[in-house]
Amino acid sequence: MAASDAERRAMLRALELAADPEVPLGPNPRVGCVLIDAAGRVIAEGRHRGAGTPHAEAAALAAAGSAARGATAVVTLEPCDHTGRTGPCSLALLSAGVRRVVFAQPDANPAAAGGADRLRAGGVEVEGGLLAEKATALNRVWSFAVQHRRPFVTWKFAATLDGRSAAADGTSRWVSSRAARVDAHRLRGLCDAILVGTGTVEVDDPQLTVRDEHDDVLPRQPLRAVMGLRAVPPGRRVLDDAAETVLLRTRDPWVALADLWARDHQHVFLEGGPTLAAAFLQAGLVDEIVAYVAPALLGAGQPAVGDLCIGTIADALRLELCEVVTVGAGAEANARLVLNPSRSEPTPAESGKER
Ligand code: AOF
Ligand code: ZN
(Lines give C-alpha, C1' and ligand atoms only; values in the text may rest on other atoms or scores of the structure.)
(Ligands and ions follow the chains in the order given, each with its own letter.)
Protein backbone atom coordinates (compact mmCIF):
# COMPACT_ATOMS: atom_id res chain seq x y z
CA MET A 1 0.00 0.00 0.00
CA ALA A 2 1.40 3.40 -1.02
CA ALA A 3 2.26 5.90 1.70
CA SER A 4 -0.62 8.03 3.06
CA ASP A 5 -0.63 11.80 3.59
CA ALA A 6 -0.17 11.24 7.33
CA GLU A 7 2.85 9.05 6.64
CA ARG A 8 4.30 11.70 4.35
CA ARG A 9 3.88 14.34 7.05
CA ALA A 10 5.46 11.99 9.58
CA MET A 11 8.39 11.42 7.20
CA LEU A 12 8.96 15.17 6.85
CA ARG A 13 9.05 15.37 10.65
CA ALA A 14 11.41 12.36 10.83
CA LEU A 15 13.73 14.11 8.36
CA GLU A 16 13.65 17.19 10.57
CA LEU A 17 14.59 15.06 13.58
CA ALA A 18 17.37 13.39 11.61
CA ALA A 19 18.86 16.71 10.52
CA ASP A 20 19.35 17.91 14.12
CA PRO A 21 22.54 20.01 13.94
CA GLU A 22 23.25 19.25 17.60
CA VAL A 23 23.94 15.61 16.77
CA PRO A 24 27.69 15.20 16.39
CA LEU A 25 28.83 13.97 13.01
CA GLY A 26 30.61 10.67 13.27
CA PRO A 27 30.65 7.27 11.64
CA ASN A 28 26.86 6.85 11.91
CA PRO A 29 24.09 8.12 9.62
CA ARG A 30 21.57 10.79 10.57
CA VAL A 31 18.24 9.04 11.22
CA GLY A 32 14.81 10.11 12.51
CA CYS A 33 11.74 8.03 13.34
CA VAL A 34 8.09 8.90 14.06
CA LEU A 35 5.52 6.38 15.31
CA ILE A 36 1.93 7.11 14.30
CA ASP A 37 -1.37 5.39 15.11
CA ALA A 38 -4.04 4.22 12.65
CA ALA A 39 -5.57 7.72 12.64
CA GLY A 40 -2.20 9.27 11.70
CA ARG A 41 -1.63 10.79 15.16
CA VAL A 42 1.92 10.94 16.45
CA ILE A 43 2.58 8.46 19.27
CA ALA A 44 6.30 9.07 19.76
CA GLU A 45 9.43 10.36 18.08
CA GLY A 46 13.07 9.33 18.12
CA ARG A 47 16.34 10.48 16.62
CA HIS A 48 19.77 9.00 16.53
CA ARG A 49 22.20 11.00 18.66
CA GLY A 50 25.60 9.67 17.60
CA ALA A 51 27.67 6.49 17.49
CA GLY A 52 26.94 4.04 20.28
CA THR A 53 23.59 5.62 21.24
CA PRO A 54 20.22 3.96 20.43
CA HIS A 55 19.10 4.03 16.82
CA ALA A 56 16.20 6.34 15.96
CA GLU A 57 13.71 3.42 15.87
CA ALA A 58 14.86 2.16 19.28
CA ALA A 59 14.56 5.68 20.73
CA ALA A 60 11.02 6.07 19.38
CA LEU A 61 9.99 2.60 20.62
CA ALA A 62 11.37 3.38 24.08
CA ALA A 63 9.38 6.63 24.18
CA ALA A 64 6.18 4.89 23.03
CA GLY A 65 6.29 1.87 25.37
CA SER A 66 3.27 -0.41 24.89
CA ALA A 67 1.58 2.22 22.68
CA ALA A 68 3.81 1.03 19.83
CA ARG A 69 1.66 -2.09 19.37
CA GLY A 70 -0.21 -1.81 16.04
CA ALA A 71 1.56 1.45 15.15
CA THR A 72 3.23 2.52 11.92
CA ALA A 73 6.92 3.37 12.18
CA VAL A 74 7.98 6.08 9.74
CA VAL A 75 11.76 6.15 9.53
CA THR A 76 14.27 7.94 7.29
CA LEU A 77 16.51 4.87 6.85
CA GLU A 78 15.61 1.21 6.33
CA PRO A 79 15.70 -0.37 9.81
CA CYS A 80 18.95 -2.19 10.43
CA ASP A 81 19.19 -5.96 10.75
CA HIS A 82 22.50 -6.35 12.53
CA THR A 83 24.16 -6.12 15.87
CA GLY A 84 26.81 -3.44 15.73
CA ARG A 85 27.24 -0.95 18.53
CA THR A 86 23.54 -1.61 19.31
CA GLY A 87 21.02 -4.36 18.51
CA PRO A 88 18.93 -4.91 15.33
CA CYS A 89 16.00 -2.49 14.92
CA SER A 90 14.17 -5.02 12.73
CA LEU A 91 13.75 -7.34 15.74
CA ALA A 92 12.95 -4.46 18.10
CA LEU A 93 10.13 -3.32 15.79
CA LEU A 94 8.82 -6.89 15.47
CA SER A 95 8.80 -7.51 19.20
CA ALA A 96 7.10 -4.16 19.86
CA GLY A 97 4.24 -5.31 17.60
CA VAL A 98 4.56 -2.54 14.99
CA ARG A 99 2.10 -3.24 12.15
CA ARG A 100 3.64 -1.24 9.32
CA VAL A 101 7.01 0.34 8.52
CA VAL A 102 7.52 3.16 6.01
CA PHE A 103 11.12 4.10 5.31
CA ALA A 104 12.88 6.57 2.97
CA GLN A 105 16.44 5.51 2.07
CA PRO A 106 17.39 1.83 1.73
CA ASP A 107 20.26 0.96 4.08
CA ALA A 108 23.47 1.62 2.14
CA ASN A 109 25.54 -0.30 4.68
CA PRO A 110 25.82 -3.92 3.46
CA ALA A 111 26.67 -5.04 6.99
CA ALA A 112 23.41 -3.71 8.42
CA ALA A 113 20.96 -4.06 5.49
CA GLY A 114 18.15 -6.61 5.28
CA GLY A 115 15.76 -5.07 7.80
CA ALA A 116 12.93 -4.65 5.28
CA ASP A 117 13.04 -8.34 4.32
CA ARG A 118 13.22 -9.45 7.95
CA LEU A 119 10.19 -7.30 8.82
CA ARG A 120 8.17 -8.58 5.85
CA ALA A 121 9.01 -12.15 6.80
CA GLY A 122 7.71 -11.34 10.26
CA GLY A 123 4.36 -10.21 8.85
CA VAL A 124 4.93 -6.44 8.93
CA GLU A 125 3.78 -4.32 5.97
CA VAL A 126 6.84 -2.49 4.59
CA GLU A 127 6.97 0.43 2.17
CA GLY A 128 10.34 1.87 1.09
CA GLY A 129 11.41 4.95 -0.87
CA LEU A 130 9.13 7.67 0.56
CA LEU A 131 11.07 11.00 0.19
CA ALA A 132 14.19 8.90 -0.40
CA GLU A 133 16.08 11.72 -2.19
CA LYS A 134 15.81 13.95 0.88
CA ALA A 135 17.06 11.23 3.23
CA THR A 136 19.87 10.25 0.86
CA ALA A 137 20.98 13.89 0.54
CA LEU A 138 21.12 14.15 4.33
CA ASN A 139 23.46 11.18 4.49
CA ARG A 140 25.37 11.67 1.22
CA VAL A 141 28.80 11.25 2.80
CA TRP A 142 27.80 8.28 4.97
CA SER A 143 26.08 6.55 2.02
CA PHE A 144 29.14 7.00 -0.18
CA ALA A 145 31.57 5.85 2.48
CA VAL A 146 29.73 2.67 3.50
CA GLN A 147 29.18 1.72 -0.15
CA HIS A 148 32.78 2.35 -1.25
CA ARG A 149 34.31 1.24 2.05
CA ARG A 150 36.54 4.31 2.14
CA PRO A 151 36.11 7.93 3.26
CA PHE A 152 34.52 10.53 0.98
CA VAL A 153 37.23 13.03 -0.01
CA THR A 154 36.65 16.78 -0.30
CA TRP A 155 39.68 18.54 -1.77
CA LYS A 156 39.73 22.16 -0.65
CA PHE A 157 42.12 24.76 -1.95
CA ALA A 158 42.49 28.51 -2.14
CA ALA A 159 44.08 30.18 -5.17
CA THR A 160 44.28 33.36 -7.14
CA LEU A 161 42.32 33.78 -10.36
CA ASP A 162 45.28 32.26 -12.23
CA GLY A 163 45.31 29.19 -9.98
CA ARG A 164 48.32 30.07 -7.82
CA SER A 165 48.39 29.03 -4.17
CA ALA A 166 51.70 30.75 -3.36
CA ALA A 167 53.77 33.55 -4.88
CA ALA A 168 57.13 33.03 -6.59
CA ASP A 169 58.99 33.65 -3.31
CA GLY A 170 56.90 31.00 -1.54
CA THR A 171 54.71 33.41 0.46
CA SER A 172 51.13 32.20 0.66
CA ARG A 173 49.55 34.01 3.62
CA TRP A 174 46.82 35.00 2.87
CA VAL A 175 45.72 34.02 -0.61
CA SER A 176 42.04 34.01 0.32
CA SER A 177 40.11 36.65 2.25
CA ARG A 178 39.25 36.40 5.93
CA ALA A 179 35.62 35.71 5.03
CA ALA A 180 36.72 32.81 2.83
CA ARG A 181 38.94 31.42 5.58
CA VAL A 182 36.05 31.55 8.09
CA ASP A 183 33.87 29.77 5.55
CA ALA A 184 36.58 27.12 5.02
CA HIS A 185 36.76 26.54 8.77
CA ARG A 186 33.01 25.92 8.83
CA LEU A 187 33.46 23.25 6.13
CA ARG A 188 36.46 21.77 7.96
CA GLY A 189 34.24 21.37 11.01
CA LEU A 190 31.78 19.25 8.98
CA CYS A 191 34.49 16.72 8.14
CA ASP A 192 36.02 14.22 10.50
CA ALA A 193 39.64 14.18 9.31
CA ILE A 194 41.87 16.86 7.80
CA LEU A 195 44.59 15.43 5.60
CA VAL A 196 47.83 17.10 4.48
CA GLY A 197 51.26 15.93 3.39
CA THR A 198 54.47 16.17 5.38
CA GLY A 199 55.66 18.84 2.89
CA THR A 200 52.83 21.21 3.84
CA VAL A 201 53.58 20.72 7.54
CA GLU A 202 57.25 21.46 6.94
CA VAL A 203 56.71 24.54 4.76
CA ASP A 204 53.49 26.15 6.07
CA ASP A 205 53.33 24.78 9.64
CA PRO A 206 49.49 24.88 9.75
CA GLN A 207 47.67 24.09 13.00
CA LEU A 208 44.79 22.36 11.13
CA THR A 209 42.17 23.08 13.76
CA VAL A 210 38.61 24.33 13.36
CA ARG A 211 38.36 27.89 14.64
CA ASP A 212 35.45 30.30 14.89
CA GLU A 213 35.26 33.83 13.49
CA HIS A 214 37.23 35.12 16.52
CA ASP A 215 39.95 32.57 15.77
CA ASP A 216 39.10 30.56 18.91
CA VAL A 217 39.58 26.80 18.65
CA LEU A 218 36.21 25.01 18.81
CA PRO A 219 35.66 22.18 21.32
CA ARG A 220 35.04 19.44 18.75
CA GLN A 221 37.94 18.94 16.35
CA PRO A 222 38.43 16.60 13.40
CA LEU A 223 41.41 14.27 13.42
CA ARG A 224 44.58 15.82 11.93
CA ALA A 225 46.27 13.37 9.57
CA VAL A 226 49.69 13.94 8.02
CA MET A 227 50.80 11.56 5.29
CA GLY A 228 54.25 11.02 3.78
CA LEU A 229 57.56 9.33 4.39
CA ARG A 230 59.38 12.36 5.77
CA ALA A 231 59.39 12.84 9.54
CA VAL A 232 57.40 15.73 11.00
CA PRO A 233 59.93 18.08 12.60
CA PRO A 234 59.35 18.49 16.36
CA GLY A 235 57.57 21.63 17.49
CA ARG A 236 55.28 21.81 14.45
CA ARG A 237 51.85 23.22 15.31
CA VAL A 238 50.10 20.09 14.04
CA LEU A 239 51.68 18.24 16.98
CA ASP A 240 50.15 20.53 19.63
CA ASP A 241 47.39 19.28 21.91
CA ALA A 242 44.54 21.27 20.29
CA ALA A 243 43.39 18.07 18.50
CA GLU A 244 44.44 14.49 17.89
CA THR A 245 47.05 13.93 15.15
CA VAL A 246 48.07 10.77 13.31
CA LEU A 247 51.05 10.30 11.05
CA LEU A 248 50.39 8.04 8.07
CA ARG A 249 53.70 6.72 6.80
CA THR A 250 52.73 6.40 3.15
CA ARG A 251 52.62 8.42 -0.04
CA ASP A 252 49.85 6.26 -1.47
CA PRO A 253 46.38 7.87 -1.33
CA TRP A 254 44.69 4.44 -1.21
CA VAL A 255 46.77 3.37 1.79
CA ALA A 256 46.11 6.64 3.62
CA LEU A 257 42.35 6.39 3.04
CA ALA A 258 42.30 2.73 4.09
CA ASP A 259 43.99 3.70 7.32
CA LEU A 260 41.52 6.53 8.01
CA TRP A 261 38.60 4.25 7.14
CA ALA A 262 39.89 1.64 9.60
CA ARG A 263 39.81 4.40 12.23
CA ASP A 264 36.10 5.02 11.44
CA HIS A 265 36.61 8.25 9.49
CA GLN A 266 34.15 8.91 6.69
CA HIS A 267 34.79 12.43 5.46
CA VAL A 268 38.32 13.56 4.68
CA PHE A 269 39.07 17.22 4.04
CA LEU A 270 42.14 17.15 1.81
CA GLU A 271 44.15 20.32 2.32
CA GLY A 272 47.55 19.24 1.09
CA GLY A 273 49.75 21.02 -1.39
CA PRO A 274 49.88 20.56 -5.17
CA THR A 275 51.69 17.21 -5.07
CA LEU A 276 49.20 15.56 -2.74
CA ALA A 277 46.24 17.02 -4.65
CA ALA A 278 47.66 15.67 -7.93
CA ALA A 279 48.21 12.22 -6.39
CA PHE A 280 44.60 12.03 -5.17
CA LEU A 281 43.19 13.34 -8.46
CA GLN A 282 45.26 10.87 -10.49
CA ALA A 283 44.15 8.02 -8.26
CA GLY A 284 40.50 9.05 -8.83
CA LEU A 285 40.16 9.63 -5.10
CA VAL A 286 38.73 13.16 -5.05
CA ASP A 287 34.94 13.08 -4.69
CA GLU A 288 34.26 16.80 -4.36
CA ILE A 289 36.29 19.98 -4.86
CA VAL A 290 35.79 23.19 -2.93
CA ALA A 291 37.85 26.03 -4.44
CA TYR A 292 38.15 29.52 -2.98
CA VAL A 293 39.18 31.84 -5.76
CA ALA A 294 40.59 35.24 -4.81
CA PRO A 295 40.23 38.15 -7.25
CA ALA A 296 43.99 38.53 -7.60
CA LEU A 297 46.67 37.57 -10.10
CA LEU A 298 50.22 36.39 -9.48
CA GLY A 299 51.33 35.30 -12.92
CA ALA A 300 53.98 33.08 -11.34
CA GLY A 301 54.33 30.93 -8.25
CA GLN A 302 53.07 27.58 -7.03
CA PRO A 303 50.02 26.16 -8.81
CA ALA A 304 47.15 24.79 -6.71
CA VAL A 305 47.61 21.39 -8.30
CA GLY A 306 50.77 19.66 -9.52
CA ASP A 307 51.40 17.78 -12.76
CA LEU A 308 48.49 15.56 -13.75
CA CYS A 309 50.41 14.17 -16.74
CA ILE A 310 47.93 15.78 -19.12
CA GLY A 311 49.61 16.86 -22.34
CA THR A 312 46.70 17.92 -24.52
CA ILE A 313 43.43 19.78 -24.06
CA ALA A 314 41.35 16.76 -25.06
CA ASP A 315 42.67 14.98 -21.96
CA ALA A 316 41.78 17.78 -19.52
CA LEU A 317 40.19 16.55 -16.33
CA ARG A 318 36.70 17.96 -16.83
CA LEU A 319 34.74 18.89 -13.73
CA GLU A 320 31.06 19.42 -13.15
CA LEU A 321 30.41 22.88 -11.69
CA CYS A 322 27.81 22.40 -8.96
CA GLU A 323 27.82 25.73 -7.13
CA VAL A 324 29.32 29.22 -7.42
CA VAL A 325 28.78 31.69 -4.57
CA THR A 326 30.42 34.90 -3.39
CA VAL A 327 31.82 34.64 0.12
CA GLY A 328 32.40 37.98 1.90
CA ALA A 329 31.76 41.41 0.43
CA GLY A 330 33.77 44.30 -0.98
CA ALA A 331 37.51 43.79 -0.61
CA GLU A 332 36.75 40.53 1.25
CA ALA A 333 34.82 39.01 -1.66
CA ASN A 334 36.08 35.64 -2.90
CA ALA A 335 34.31 33.08 -5.08
CA ARG A 336 33.57 29.64 -3.67
CA LEU A 337 33.21 26.96 -6.31
CA VAL A 338 31.97 23.48 -5.57
CA LEU A 339 32.81 20.97 -8.27
CA ASN A 340 32.30 17.32 -8.91
CA PRO A 341 35.13 15.45 -10.60
CA SER A 342 32.85 13.19 -12.65
CA ARG A 343 33.97 13.73 -16.22
CA SER A 344 31.61 15.66 -18.51
CA GLU A 345 32.17 16.20 -22.22
CA PRO A 346 33.58 19.59 -23.31
CA THR A 347 31.41 21.86 -25.42
CA PRO A 348 32.90 22.69 -28.88
CA ALA A 349 33.90 26.21 -27.68
CA GLU A 350 35.93 24.65 -24.86
CA SER A 351 37.59 22.02 -26.98
CA GLY A 352 40.15 24.39 -28.50
CA LYS A 353 39.05 23.78 -32.14
CA GLU A 354 37.91 27.38 -32.60
CA ARG A 355 41.18 28.89 -31.50
C1 AOF B 1 22.46 4.60 13.19
N2 AOF B 1 21.38 5.21 13.69
O3 AOF B 1 19.18 5.43 13.89
C4 AOF B 1 20.00 3.78 12.44
C5 AOF B 1 21.15 3.13 11.90
O6 AOF B 1 27.06 0.50 14.79
P7 AOF B 1 25.61 0.57 14.98
O8 AOF B 1 25.04 -0.56 15.77
O9 AOF B 1 25.17 1.91 15.56
O10 AOF B 1 24.93 0.43 13.56
C11 AOF B 1 25.13 1.37 12.57
C12 AOF B 1 24.35 0.98 11.33
O13 AOF B 1 22.97 0.80 11.60
C14 AOF B 1 24.41 2.06 10.29
O15 AOF B 1 25.52 1.90 9.44
C16 AOF B 1 23.11 1.88 9.52
O17 AOF B 1 23.31 0.94 8.49
C18 AOF B 1 22.15 1.24 10.52
N19 AOF B 1 21.04 2.11 10.99
N20 AOF B 1 22.35 3.57 12.32
O21 AOF B 1 23.57 4.98 13.54
C22 AOF B 1 20.14 4.84 13.38
N23 AOF B 1 18.77 3.38 12.12
ZN1 ZN C 1 19.05 0.09 13.83
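The values are calculated or read from the model by the stated rules, or taken from the named source; none is laboratory data. Predicted, not measured: the structure shown is a model, and the values here were computed from it. Glycine gets a Cβ as well: all are built from the backbone with ideal geometry, and neighbour counts include every protein chain shown.
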- Task: Would you check if there is a residue in the stretch 276-298 being among the acidic types (Asp, Glu) and over 16 Å from TRP155 (Cβ atoms)?
- Result: no
- Qualifying strands (runs of 3 or more DSSP E) (wholly inside the stretch 113-168; at least 3 residues being not assigned by TED's automatic domain parsing to the domain that holds VAL268): 125-127
- Item | Answer from GLU133, GLU125 - the residue that is more than 10 Å from ligand 2 (Cβ to nearest atom), charged (D, E, K, R) and in contact (Cβ under 8 Å) with a residue 60 or more places away in the chain | GLU125
- Item | Check on ALA179, crowded, with 17+ Cβ neighbours inside 10 Å and within 12 Å of ligand 1 (Cβ to nearest atom) | no
- Task: Identify the residue in the stretch 15-30 that is buried (at least 18 other Cβ atoms within 10 Å of the Cβ) and in contact with a Leu (Cβ under 9 Å, 6 or more places away or on another chain) and, among all such residues, is farthest from LEU131 (Cα to Cα).
- Result: LEU25
- Of these, GLY65, GLY70, GLY87, which one is surrounded by fewer than 19 Cβ atoms within 10 Å (Cβ to Cβ), farther than 29 Å from PRO219 by Cβ and within 8 Å of ligand 1 (Cβ to nearest atom)? GLY87
- Can you tell me which residue among ALA56, ALA60 is touching a His at 6+ places or on another chain (Cβ under 6 Å) and buried (at least 24 other Cβ atoms within 10 Å of the Cβ)? ALA56
- With respect to ARG140, is the statement that it is free of Cβ contacts under 8 Å to residues at least 24 places away in the same chain and under 21 Å from ASP264 (Cα atoms) true? yes
- Of the listed residues (ALA256, ALA242, ALA193, ALA277), the one being touching a strand residue (DSSP E or B) at 6+ places or on another chain (Cβ under 8 Å) and under 17 Å from VAL305 (Cβ atoms) is ALA277
- Message: For a quick check of your reading of the model, give me the residue pairs whose first member lies in the stretch 46-57 and is over 8 Å from CYS33 (Cβ atoms) and more than 6 Å from ligand 1 (Cβ to nearest atom), whose second is part of a helix (DSSP H, G or I) and acidic (Asp, Glu), with beta-carbon atoms closer than 9 Å and at least 6 apart or on different chains.
- Response: none
- Could you run through the stretch 73-84 and say how many residues are more than 21 Å from LEU12 (Cβ to Cβ), crowded, with 19+ Cβ neighbours inside 10 Å and polar (S, T, N, Q)? 0
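The rows are residues; the columns are (1) at pLDDT 95 or above; (2) out of contact with any Pro (no Cβ under 8 Å at 6 or more places or on another chain); (3) among the acidic types (Asp, Glu).
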site: PRO295; (1), (2), (3): yes, yes, no
site: PRO303; (1), (2), (3): yes, no, no
site: ASP307; (1), (2), (3): yes, yes, yes
site: ILE310; (1), (2), (3): yes, yes, no
site: CYS322; (1), (2), (3): yes, yes, no
site: LEU337; (1), (2), (3): yes, yes, no
site: PRO346; (1), (2), (3): no, yes, no
- Note on the structure: Considering residues that are at positive phi, surrounded by 13 or more Cβ atoms within 10 Å (Cβ to Cβ) and more than 22 Å from the chain's Cα centre (by Cα), the number found within the stretch 206-217 is 0
